[in-house]
1. Pick from segment A:27-57 the residues that are over 30 Å from A:Cys129 (Cβ atoms) and more than 26 Å from the chain's Cα centre (by Cα): which of them is most open to solvent (accessible area, probe 1.4 Å)?
2. Taking A:Val24 as the residue in question, decide whether it is over 18 Å from B:Val29 (Cα atoms), open to solvent by less than 20 Å² (accessible area, probe 1.4 Å), touching a strand residue (DSSP E or B) at 6+ places or on another chain (Cβ under 6 Å) and within 7 Å of chain B (Cβ to nearest Cβ).
3. So for segment B:331-344 (the condition being open to solvent by less than 10 Å² (accessible area, probe 1.4 Å) and under 20 Å from the mean Cα position of the chain (by Cα)), does at least one residue qualify?
4. Which condition breaks for A:Val363 when tested against (1) at pLDDT below 95; (2) touching a Cys at 6+ places or on another chain (Cβ under 8 Å)?
5. Among the residues of segment B:98-116, write down those that are within 14 Å of chain A (Cβ to nearest Cβ) and either open to solvent by 20 Å² or more (accessible area, probe 1.4 Å) or under 12 Å from B:Gln182 (Cα atoms) (or both).
6. Can you say whether B:Ala41 is without any contact (Cβ under 8 Å) to a residue 60 or more places away in the chain, in a helix (DSSP H, G or I) and within 10 Å of chain A (Cβ to nearest Cβ), as far as the supplied structure shows?
7. Would it be correct to say that A:Ala71 is out of contact with any Asp or Glu (no Cβ under 6 Å at 6 or more places or on another chain), surrounded by fewer than 15 Cβ atoms within 10 Å (Cβ to Cβ) and among the aliphatic types (A, V, I, L, M)?
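The values are calculated or read from the model by the stated rules, or taken from the named source; none is laboratory data. Note that the structure is a prediction, hence the values are computed from the model and not measured. Note: ideal-geometry Cβ built from the backbone for every residue, glycine included; neighbour counts use all protein chains shown. Side chains are part of the model used for accessible areas, which takes the heavy atoms of the whole protein and leaves out ligands, DNA and RNA. Shrake-Rupley method; radii C 1.70, N 1.55, O 1.52, S 1.80 Å.
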Amino acid sequence: MLQHLESLLGRVTADYADLRFEEVDETSITVTSGRVMAANVTTKRGYVLRVLRQGGWAEVQFTAESDFDWAVGQALAAADVVARHRARSFRMAPVPAVRATLPRRVQEDPARVSLAEKIALVQEYGQLCGGHPKIARTQLSYFEQARTRRFVNSEGSAIEEPIVLNRISGVVNARDGSLVQNASAVVGGGQGFQVLRGRHEEFERLRGLAVDLLAAEPMTGGTWDCVLDNRLTGTFTHEAFGHYSEADIIEDLPELRQRLSIGARLGSDILNVVSDSTGSDHVGHYVYDDEGVRVRRVPLIRNGILAGRLHSRRTAAEFGDEPTGHAVAEDYRYCPIVRMGTVFVEPGTTPVEELFERLGNGVYLCGSRGGQTAGENFTFGAQHGYRIRNGRKEELVRDLNISGNLFHTLMNIEAVGNDFLLSEFGGCGKGQTNFRSNHGGPHMLVRNLIVGGRS
Amino acid sequence: MERLLELARARFGRAEVCFWTANTEKLRVENGELHSVQAEARQGFSLRVIRDGRLGMATSMDLLSRENLLSQAEASLAAAVEAPEDFASPADGAAFPPSSSPMDMPVGELAERTMALRDWLRPQVPEASLNIFWRRGTFRRRLLNSNGVDVKEDGGHVGARVGFEYPFGGAVERFWSMPALQEIPRDELLDLIHWFRAGLREVRIPGGRVPVLFPAEILGSLIQRFEIAANAKALADGVSPLIGRVGERMLSEAFTLRNDPHADGWRNWRRGYDDEGVPTRPVPLFERGSFQGFFNDLLHARKTGEGPTGTGFRSIFGSAVAQCQHLTVEPGHSSLAALLQTPGRVVVPWRLLGSHSGNLLNGDFSVGLAPGFLIEDGEVVGRLSDAMLAGNVYDVFSRIRALSRERFLGSGGLFPWILFEEMAFSQKA
């Protein structure tokens, strides 16, 4: 197949061209309160052609090989249009050509697990979440994606790399009159189906949490000192800083780019943040990105100082940096953009119990409901929290969304715990959903976070 | 497709075949430079079958092997997925043929016009990183089923977004949906520039409860919570906060929300049929503040014992779900200009962060402003940063002070601007 793609690409006359072909097998199962609502097995495929000609850049996505000549015509015409109107040519940082065919890296291949067994496992976990008079609905989903990515370029690279992911996620809704609360969990990874087995405890706790949230007080809005749990540390890091490490976010924002020069102080000495997709034991792992560049470990913040950035070949040329292998596309429908890999805060030295002692009075924020970033501002949501008084965990609180600013909030990280946990599945939605953007870290003590809530 | 349907009907009894194809082109200006042009061509087929109350499904990028599709559908029946009573029955739906093709203009000419717009804008906002984004495309859908439904819809769409990004990040943007490629109104761009300039000053106010004027373009973030609750799936699952409340006046009498795929304001996005072949129609959700009922797909029409509402939508590779793709709020009586002159202090959120997270089903929201603006006695005095708004939609929509008589097509729907009596506001001191 790689040879065939190379022969297709040979028909393109450009300064640079690459062609990515993907076959994607997906299985999705939804079970609502024990009933199977969806069980879809699909195979999809498509191509992405990118060309650079006379300094102009264009991209075409198409699903049928019979559209290849059309795609070439579109791409070259569009590249010429771009070239005519740009003052500066697109450049790409040089990388060595790579020829590699990688094996499928899973222990228990989900393709060998029957649909019936997958449904049965989801139903088994679903039963653990229900069985309480106030539980109105349990909704559990299984998702599996097996992508075979094939990439060739005009520089001689030819790479085939399969990526397999699977997860089970669950949301439990508890209801009391018109008040509805929910609790959620997700288990999964890229190592194979075995990571989904024996995860009963993760789903069993949801029932109690959802019911307890019905009785919890809504959070009072204001500025609070907080301890973040591992999952929320991950989300916080992803939203508060992670997106600013993506070079394409800041490249056209002169003030932000200036303030985020390598060597700028962003946090205290205790803060160390890394992007590392090289380890094979988590969902964020891959070897080559969607430009054929090998991914590497990138220290982003070292002792509070900005130390690195995440790049595509184009942004690396723009910034005068080395490519880092972070040009990633969700699948065959998309062109690659700069994406975080596995981003985490490295563990510190403070025992978790001491974080609460130092907190004194504040909020313990737990579980993640995602977040969002715009400019130097970000927000992220916690699943639930606890009021902390005199270092002791007290009543449960709910409806917790937190807002912050890159340049203030990182400086307010006072202590970093000595524990560590990574999320089992990603889901960053920067225009396209990247399941491999996962995150994590230790517990952290952060002062002066803005928490939205009733006044 | 007809042959596939014939084979499927012979094998399963009840069957539905869908085809979808779309061509899209995107042109992007970033920081005043023409960044890229992207083109997309996609297609897909799906087969759904019903047998013994179970739904089977198969999808493919082409019809090279009908037997594969039939075998996949047969295999999927073993999963015992709940099925609707039947597929759609033949019925007349509205027709909305496209008025013109958005792809007629060559991309070179589109680029020329865009760069001319850039040249007009840039001297007026030298502080901004100027972004312009065009998206245009055509689609074709066809659905056949064993009841004799044969629905074809062709369409095209054009959208443009212009944004002025602050040097420190965050942007003031606006979106335009057009029936065909045309000029973006210059007076609306000048208005956008006015907001951008006002946001160069940062202001802070104490936390507390404040009146909030919500722009049409972002109102969908709040309205989405009503949509989630009024979904017949939430009714069937027993989780909707609206259960048992049909006919109850819960919100302000000034507020009327419908799903109306036929409204003129939707232009090229109007639909005569949903993705299950059911004719669309206006579906009232709230009339003068009173809850009217739930919307559904064919499965949840059966489960709730209601007639289908023409709101079953799906991707070619996914299951049908009930969605309101044409949410429409009735306009009010105040001009937007008058609302912007509201005496006293008013917060105007321009873009929200985190509206997708939180307890959506319960109607709660707690969102960051990125940016927000402060108006005092009719003057935009500056930008609100490090700020949040919070509340519950069942509370804030029960206390609407006014709606604009102008409506705009934004993300999520065709909406006016709405002035709410108050929301909880927090800002870092």
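1. By that ranking, first place goes to A:Gln54.
2. The answer is no for A:Val24.
3. No.
4. (1)
5. Selection gives B:Met103, B:Met105, B:Pro106, B:Val107, B:Glu109, B:Leu110, B:Glu112, B:Arg113, B:Thr114, B:Ala116.
6. No: the conditions fail for B:Ala41.
7. no
Residues checked against (1) touching a residue at least 40 places away in the same chain (Cβ under 8 Å); (2) surrounded by 23 or more Cβ atoms within 10 Å (Cβ to Cβ); (3) more than 14 Å from chain A (Cβ to nearest Cβ):
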| site | (1), (2), (3) |
| --- | --- |
| B:Arg351 | yes, yes, no |
| B:Ala387 | yes, yes, no |
| B:Phe408 | yes, no, yes |
| B:Gly413 | yes, yes, yes |
